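Visitor: This is the structure, below, for whatever I ask next.
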Amino acid sequence: MSNTANIFQAQLKDFEANGAPTYEQRVTNLKKILVAIDAWEDRIIAAISSDFGSGELGGRSSHETIIAETFVSKTEIKHTLKHLKKWMRPKKVKTAIHFKPGRGEIRYQALGVVGVISPWNYPFSLAIVPIVAALAAGNRVMLKPSEHTPNTSDVLAKMLGELFDATTVATVIGGVEVATEFSELPFHHIFFTGSTMVGKIVAQAAAKNLTPVTLELGGKSPVIIDPSADLNLSAKRITAGKTMNSGQTCVAPDYILMAQKDIQPFAEQIIKTAEDMYPTIADNPDYTSIVSDRQYQRQMDLLDDARKKGATVMQAGNDSDNAMAASRKIPLSIILGVTPNMRVMQEEIFGPLLPILSVESPQEAINHIGKDDRPLALYWFGSDTTNREKVLNGTLSGGVSINDTIMHVAQENLPFGGVGGSGMGSYHGEYGFKTFSHARSVFHQSKFSGTKMFYPPYTEKTDKLLKFLKKHA
Ligand code: NAD
């Protein structure tokens, strides 16, 4: 048996022998991670930066790592610690009159051994946050982090290895081969974050074992600028959401839809905002590098393809191309005059390129968005509530931020997940706890149950009762 399969068997045996941890044990597990994140923070920052880095000037902004990796993970743990007792309590439900005085309740029970497969773009938090939910729900967890951020994967394996016995939490390192074997294990749940293409492969592998999956995928998240929008404020919030991690964010604004007459001034406003935020690019430690040569080349190819097919490109800053290539950084690039045959309109961009397209009405925006897969996020800027409701009712996406980008993802009391091509299932807070639990129905029958009135032989009395219930139940 391979190492991966051995770990799975050991976790399974341990779960079968010892069952789910108590509330107190779960709290201890979560607190251990909370303390470790502080102790390991410098190593986490350094590892992610070296994974993203290129040359002397490349890397991942340490502020972005603190905001989107360590802070986010700690917030999730603190929120879970605050509410876990309540989440774990059996929930009483209402009982229909003919079943009273019986009563029903829901008990949230651990599933058993779960697998978490995580991507490279936020390589720490997108591994830790699902693990927190899985442990809160009482499961054993195996993690398969991305092979494209090997230093972070190494830190995750070491940190979790110090905190937990491998029968509770284990990290399996490797590329596609290991990932394939991992997704074929008969887990009680697989939580996958990554591309739509690989998500389909994981779902197929899991189906063979009837393993339920949560798929946190990507897609093209649109921004709609309503004519009622404050353009200055919108430009700031879109630029902040797009430049974070250099656009390598699953919920990054992918393209903008707005009235033709406003496009040019708005594009200029975004470029100016980006230049205020990042006065230089190549040597700026606040501006994150593209993660790999392959991804860098992909962004360059997208730009080339758009230019060749007639688009114009406006870029922030005036760093030299050589300096930017050496640090693997690409400035925020607005693309105007795009057409459907350009790759930027056919693929998730996942980088700092931002096409702006014209639409002249909310309905035209709805029609445009409806042609693509259902997006992970949708952003609407404006103050006209009629137009806002029209767009919200006419589209479907994983989540929405109104008058901002990305912020819905940070809300602890909102579920985070996609729909259709952008995924299935959700997590964060109680939604994560429920994802990794089985909602078990328990019905307590009373000694004096009315249900005996439904036993055969059926008589006139039964008919009368059914007639009464038809009317009143
Ligand atoms: P990816 O799909 O290439 O890889 C994700 C993980 O899947 C990695 O750990 C990888 O090793 C593993 N994997 C690769 N091939 C596999 C296979 N055949 N079987 C099983 N596992 C396999 O994704 P990525 O490039 O790391 O991440 C970028 C994508 O993830 C983007 O599309 C982005 O939108 C999406 N994403 C989504 C979210 C979200 O929360 N919805 C968050 C971050 C990223």
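The values are calculated or read from the model by the stated rules, or taken from the named source; none is laboratory data. Just so it is clear, the model here is predicted, and its values are computed rather than measured. Heads up, the Cβs are rebuilt from the backbone with ideal geometry, glycines too, and the neighbour counts pull from every protein chain shown. The protein model used for the area step is the full one, side chains on, heavy atoms only, and it has no ligands, DNA or RNA in it. Shrake-Rupley method; radii C 1.70, N 1.55, O 1.52, S 1.80 Å.
Visitor: If I ask for residues that are under 49 Å from the mean Cα position of the chain (by Cα) and assigned to a loop (DSSP other than H, G, I, E, B), which ones from segment 449-473 would you list?
Guide: Hits for segment 449-473 are 449, 473.
Visitor: Let me ask something else about it. Could you tell me which residue of segment 154-203 is surrounded by the fewest Cβ atoms within 10 Å (Cβ to Cβ), considering only residues that are within 7 Å of the ligand (Cβ to nearest atom) and among the hydroxyl-bearing types (Ser, Thr, Tyr)?
Guide: 180
Visitor: Any idea how many residues of segment 366-405 are open to solvent by 50 Å² or more (accessible area, probe 1.4 Å) and touching a Pro at 6+ places or on another chain (Cβ under 6 Å)?
Guide: Total satisfying the criteria: 1.
Visitor: Show me the strands (runs of 3 or more DSSP E) entirely contained within segment 250-365 in which 3 or more residues are open to solvent by less than 30 Å² (accessible area, probe 1.4 Å) and touching a residue at least 40 places away in the same chain (Cβ under 8 Å).
Guide: It comes to 253-258, 353-358.
Visitor: Which numbered condition trips up residue 232, out of (1) part of a helix (DSSP H, G or I); (2) more than 10 Å from the ligand (Cβ to nearest atom); (3) touching a residue at least 40 places away in the same chain (Cβ under 8 Å); (4) more than 26 Å from residue 371 (Cα to Cα)?
Guide: Condition not satisfied by residue 232: (3).
Visitor: Of these, 213, 132, which one is surrounded by 22 or more Cβ atoms within 10 Å (Cβ to Cβ), over 30 Å from residue 347 (Cβ atoms) and more than 10 Å from the ligand (Cβ to nearest atom)? Working first, answer last.
Guide: On the way: 213 fails: over 30 Å from residue 347 (Cβ atoms).
Checking each option against the conditions leaves just 132.
Visitor: Okay, next question. Quick check: is even one residue across segment 137-148 among the acidic types (Asp, Glu) and either within 16 Å of the ligand (Cβ to nearest atom) or under 30 Å from residue 289 (Cβ atoms) (or both)?
Guide: yes
Visitor: OK, next. In segment 108-120, is there at least one residue being within 11 Å of the ligand (Cβ to nearest atom) and surrounded by fewer than 24 Cβ atoms within 10 Å (Cβ to Cβ)? So that I can check it myself, show each step before the final result.
Guide: We begin by selecting, within segment 108-120, every residue within 11 Å of the ligand (Cβ to nearest atom); these are 115-120.
Adding the requirement that they be surrounded by fewer than 24 Cβ atoms within 10 Å (Cβ to Cβ) leaves 119-120.
Yes; the residues of segment 108-120 include at least one that is within 11 Å of the ligand (Cβ to nearest atom) and surrounded by fewer than 24 Cβ atoms within 10 Å (Cβ to Cβ).
Visitor: While we're on this one: From the set of residues in segment 366-391 that are without any contact (Cβ under 8 Å) to a residue 24 or more places away in the chain and within 26 Å of the chain's Cα centre (by Cα), which is nearest to residue 303 (Cα to Cα)?
Guide: Filtering segment 366-391 for residues that are without any contact (Cβ under 8 Å) to a residue 24 or more places away in the chain and within 26 Å of the chain's Cα centre (by Cα), the one nearest to residue 303 (Cα to Cα) comes out as 371.
Visitor: Could you count how many residues in segment 410-420 are open to solvent by less than 40 Å² (accessible area, probe 1.4 Å) and either more than 15 Å from the ligand (Cβ to nearest atom) or in contact with a Cys (Cβ under 9 Å, 6 or more places away or on another chain) (or both)?
Guide: Selection size over segment 410-420: 1.
Visitor: If I filter segment 392-403 down to residues being assigned to a loop (DSSP other than H, G, I, E, B) and under 18 Å from the mean Cα position of the chain (by Cα), which single residue comes out as nearest to the ligand (Cβ to nearest atom)?
Guide: That would be 398.
Visitor: Give the residues of segment 16-39 that are surrounded by 14 or more Cβ atoms within 10 Å (Cβ to Cβ) and basic (Lys, Arg), sorted by residue number.
Guide: 26, 32
Visitor: At pLDDT 95 or above, hydroxyl-bearing (Ser, Thr, Tyr), out of contact with any helix residue (DSSP H, G or I) (no Cβ under 9 Å at 6 or more places or on another chain) and in the same structural domain as residue 227 (by TED's automatic domain parsing): which single residue out of 405, 385, 395 fits that description? Walk me through it before giving the result.
Guide: Working: 405 fails: out of contact with any helix residue (DSSP H, G or I) (no Cβ under 9 Å at 6 or more places or on another chain); 395 fails: out of contact with any helix residue (DSSP H, G or I) (no Cβ under 9 Å at 6 or more places or on another chain).
Step by step, each of 405, 385, 395 is checked, and only 385 is at pLDDT 95 or above, hydroxyl-bearing (Ser, Thr, Tyr), out of contact with any helix residue (DSSP H, G or I) (no Cβ under 9 Å at 6 or more places or on another chain) and in the same structural domain as residue 227 (by TED's automatic domain parsing).
Visitor: While we're here: Pull out all pairs, ordered by first then second residue, where Cβ-Cβ is under 6 Å, the residues are six or more apart or on different chains, the first lies in segment 1-15 and is crowded, with 16+ Cβ neighbours inside 10 Å, and the second is acidic (Asp, Glu) and assigned to a helix (DSSP H, G or I).
Guide: 4/181
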